[in-house]
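The values are calculated or read from the model by the stated rules, or taken from the named source; none is laboratory data. Keep in mind that this is a model prediction, so the values were computed, not measured. Glycine gets a Cβ as well: all are built from the backbone with ideal geometry, and neighbour counts include every protein chain shown. For the accessible areas, the whole protein counts, side chains as well, though only heavy atoms, and no ligand, DNA or RNA atoms are used. Shrake-Rupley method; radii C 1.70, N 1.55, O 1.52, S 1.80 Å.
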Amino acid sequence: MTMISRGTLGICAGVAGALFLGYCIYFDQRRRSDPNFKKKLRERRRRATKGGSGGSSSVTWPNLKDQEAVQKFFLAQVQAGEELLAQGEIESGVEHLSRAVAVCGQPQQLLQVLQQTLPPQVFQLLLHKLPAVGESILQAAGGSKVTEEDVE
């Protein structure tokens, strides 16, 4: 069996490093010379900040006294949550499902169904998001306290 000398090994490592560095420089230059690069970068950052900082505060909550609007909102949130979870976007999917639970007429039953259908870690994330979503819906309703008339 032939042994490779240290010098040969060092030269090979140096050449490999130089090739990798050249590869990086070439594609960085190619990316930066793209006329749409800055536009794409701004759009990507805009989407990231819109999605990241928007959270539940940017939701247009339905009028809770209008049952039809609440039902449409509920169904839309459940559908969006299911689609996002299927795509692997756990955080966004759980956000939508938590909104659905918040406006649901029978949240305990919905939570039981979700507990049986969702993986345990996703269900736990849902339970952790519920208090924040509850606060969000109360703020959207004007921050008023729930009275006995509202419960009926």
Task: Tally, over region 92-139, of residues that are of a type in the set (S, T, N, Q), under 15 Å from Val78 (Cβ atoms) and either surrounded by 15 or more Cβ atoms within 10 Å (Cβ to Cβ) or in contact with a strand residue (DSSP E or B) (Cβ under 9 Å, 6 or more places away or on another chain) (or both) - done: 2
Task: Search result, residues across region 47-88 that are part of a helix (DSSP H, G or I) and either in contact with a strand residue (DSSP E or B) (Cβ under 9 Å, 6 or more places away or on another chain) or at pLDDT below 80 (or both) - done: Arg47, Ala48, Thr49, Lys50, Gly51, Gly52, Ser53, Gly54, Gly55, Ser56, Ser57, Ser58
Open item on the list: Can you say whether Gly142 is open to solvent by less than 100 Å² (accessible area, probe 1.4 Å), assigned to a loop (DSSP other than H, G, I, E, B) and modelled with pLDDT under 85, as far as the supplied structure shows?
Closed with: yes
TODO: Please verify whether region 19-31 includes one or more residues that are open to solvent by 100 Å² or more (accessible area, probe 1.4 Å) and either within 28 Å of Glu135 (Cα to Cα) or not in a helix (DSSP H, G or I) (or both).
DONE: no
